[in-house]
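First up is the structure itself, then whatever we jot down about it.
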Amino acid sequence: MWSIALKKVFSRKIPLVCAVVILFFVGIAFAAQFLGFASAWDTPVGAQYLPPAFSSFKMWFGTDILGRSVMYKTIQGTRVALSVGIITAVLSAPIGIVFGCVAGYFGGWIDDAIVWFIATLSSIPNILLLIAISYSMGRGMMAVYIALTATSWISLARILRGEVLKHKEKEYLVAAESMGVGHTQRIFKHLLPNVTHQIILSMTFMVEIAIRSEVLLSYLGLGVQNLPSWGKMIDDAKGELSTGVWWQLTAATVAMFFLMFAINILGDYVRDALDPRAHI
Amino acid sequence: MWAYIIRRLLYSIPILLGVSFVVFALFNMVGGDPATLLLGKHATAERVEMVRAELGLDQPLPVQFGQYLKQIVTFDFGKSYTTREDIRQKVIDGIGPTLSLTVPAFALTTIISLLIGLMVAYFRGSMIDRISVVFFVLIMSLPALAYILFGQYILASKLGWFPISGYGSSLQEKFYYLGLPVLISIVLNLGSDIRFYRNSIIEEVTQDYVRTARAKGLSESYIYLKHVLKNSMIPVITYVVIQIPYLVLGSLLLESFFSIPGIGGMTVEAVNNSDFPMLKAMTTVISILYILTTVLTDILYYLLDPRMNFSKGK
C-alpha cells in the first residue's frame, strides 16, 4: 500500500516540487544547526536598516535595526521553525498513539478516563492552553516544546481512538485474538500498520500548527528567547513598516509561506493517495 | 429529549472539574512563583511575600484550590493586578467589542465560503476546482500576522481606505472602525473553511442517492440545492457550531493590533503584564463558556439527527 501510494504521489510534478522545497528548508536548518551556517547572525554586517542589495549573499534581505543580516536571521529562523515543528511532532505522536489506541482498544473505564482527559484538555481553547503552559513553564525553547506537545497530541489521540474502534471488530483482529495473540502485539503489530497513514497525516499537520503557534507565542513574548525566529522577525516589523522598512517582515513571511504551502499541498496529495474514497 | 439534555449537562460537570484542576495546576502548582513572575527578578523578598499574601499564594494548596472553586462558582475573580479593575466587570465589558468583531466576520466567512465551496464542488475535478484549491491553500499558508501588518500598513496607513485602529460604541463608529479587522478576519479563515465545505459537499455528491436522483432525471441544480446541501448540513453545522465558542475568545492578534477593547486584546495585555489573576481568570471564564457552548452544540446536533448517541460519540 505504501509503495503504491508513494509512487502515485511522486509520479506527479507538483508533489515532487513540494518535497524538494521541504527538503531545501530541512537542508538549510540542518546546515544552520550542525554546520554553523549563518551563525554570524548576531554580528552587524553594516549600517542600520540597509535595504536589500545583491552585493553579497548576506545583504540580499537587507539589515535590521542593529545592522544584522536579515538573511542570516531568516536562516536561523528556519532552524528554529523546523526544530519546533519536528520536535513537537516527534514528541506528541507517541503520546497520541498510546492514548488513542489504548482508549479505543480496551474500552470500558480506561476509555472513559482517557476520553475525559481529552475532553478536559480540549475544553480549554488551544491558544489559552498554549499561553498558560508557556507562561507557567517560564519563557524559552523548552517551554515552547512542552506547550506545543501538550496541545498537539490530543487531536491524534482522538482520531486514532475512532479508527481503532472501527478496526476492532474487523476479522483480522478477531482472527488474531482467536489465535492467541496478546494485546500488545495485536495493537502494535496488527492494528497500528492499518492506521499509519492517519499518524503520518496528523504529524504533518502538527508540524504546520507548531510553526504557526511559534509565531504567535513569539509575538506574545513567550517564544524562543536567544535565537532569531520568524515570529520574532514579524513581531519586530510592527514598528518598522511605518518607517518604510519592509524587508524583514517580507523575508520572514515569504520563508514561512513557502514552507507552509509545500507542507499543505504535499499533505493533500499524500492523503488523497492513501484514501481510497478520494478518487473522484 | 429532556433526558438527553439533562444527561449531557451532567456529563459536563466532570469536564468542568477537570478544567478547573488543569488550570489550577498550571497556574498555582507547576510553574515558577507567580509573584516573582509578576514583579520581575529584581523584586525584594518582602515585596514578593506581600504579593503572595495578596494573591492568596501563601495558603496551602488545597485551600488555594478551594478559593479558586469559590471564584468560579461566584464568578468573582477579584481584581486585575496591574489595572486594579474588577475582572468580572472587565470581562463583561469586553464581550461586546469582541462579539461585534467576531460575529459579523464569522457570519460573512461562513456564507461566502459555503457558496464558494458549493461552486467549487460542482466543478470538482475541472481546472476551476484545481486552481481554486491551490489558491485557497496559498491564502492559508501566509502567516496571520503578515496579513494584519501588511493590511494595516497598505489599506489603512498608505491608501487611507480604513482608519488605522480604534473602536467606538455607536453603530456608525463600529462600521467605521471594524471594516478592516472584519475583512482581514474573513481572509484569514476563508481558505480552510472553503476546503472543508468543498470536501464535505463532495463526500455527499458521491453518495448513491445522488446517482439515483440523477437517474430519475432531476436537474443538477435541484440535486445540489435540495439534496446535497441538506445532507451535507450535518458536517457543516458541526463545523460552524464548533467555531461559536471561539467567537467569545475573539482574536488575540486582531484586537490588540486594532485597539479593540475586547477579550482577546485583554488576554494579550494580561500576558504582556504577566498579570497572574487576570490571565488565570480569562483562561477559566473562556473555557467555561466553551464547555457551555459545546453542550449547546450537542443538543443542537441531537435535535437535527436523533440517531446521534452521545455515549458512543466524542
Within region B:223-248, restricting to residues that are polar (S, T, N, Q) and more than 16 Å from B:VAL295 (Cα to Cα), the one that is surrounded by the most Cβ atoms within 10 Å (Cβ to Cβ) is B:SER232
Could you grab the pairs with beta carbons closer than 8 Å, sequence gap of 6+ or different chains, first residue in region A:14-43 and at pLDDT 80 or above, second one of a type in the set (A, V, I, L, M, F, W, C) and part of a loop (DSSP other than H, G, I, E, B)?
A:ILE28/A:PHE37
Tell me, which helices (runs of 4 or more DSSP H) lie completely within region A:120-238 with 3 or more residues that are within 13 Å of chain B (Cβ to nearest Cβ) and under 21 Å from the mean Cα position of the chain (by Cα)?
A:126-137, A:141-168, A:196-219
Take region B:146-161 and flag every residue that is assigned to a loop (DSSP other than H, G, I, E, B) and modelled with pLDDT under 75.
B:GLY160
Could you grab the pairs with beta carbons closer than 6 Å, sequence gap of 6+ or different chains, first residue in region B:137-155 and more than 7 Å from every other protein chain (Cβ to nearest Cβ), second one small (Gly, Ala, Ser) and in a helix (DSSP H, G or I)?
B:ILE139/B:GLY191
Which listed residue is among the basic types (Lys, Arg) and within 13 Å of chain A (Cβ to nearest Cβ), from B:ARG214, B:ARG198
B:ARG198
Verdict on B:GLN172 being farther than 23 Å from B:LEU101 by Cα, surrounded by fewer than 20 Cβ atoms within 10 Å (Cβ to Cβ) and not β-branched (Val, Ile, Thr)
no
Could you figure out which of (1) assigned to a loop (DSSP other than H, G, I, E, B); (2) of a type in the set (Ser, Thr, Tyr); (3) closer than 30 Å to B:VAL205 by Cβ isn't true of B:THR83?
(3)
Exactly one of B:ALA3, B:ALA25, B:ALA35, B:ALA53 is modelled with pLDDT of 75 or more and within 14 Å of chain A (Cβ to nearest Cβ), and that residue is B:ALA25
Are any residues in region B:250-273 touching a residue at least 60 places away in the same chain (Cβ under 8 Å) and of a type in the set (A, V, I, L, M, F, W, C), and if so, which ones?
B:LEU253, B:LEU254, B:PHE257, B:PHE258, B:ILE260, B:ILE263, B:MET266, B:ALA270
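The values are calculated or read from the model by the stated rules, or taken from the named source; none is laboratory data. Worth saying up front: this structure is predicted, and the values here are computed from it rather than measured. Glycine also receives a Cβ, built like all others from the backbone with ideal geometry; neighbour counts cover every protein chain displayed.
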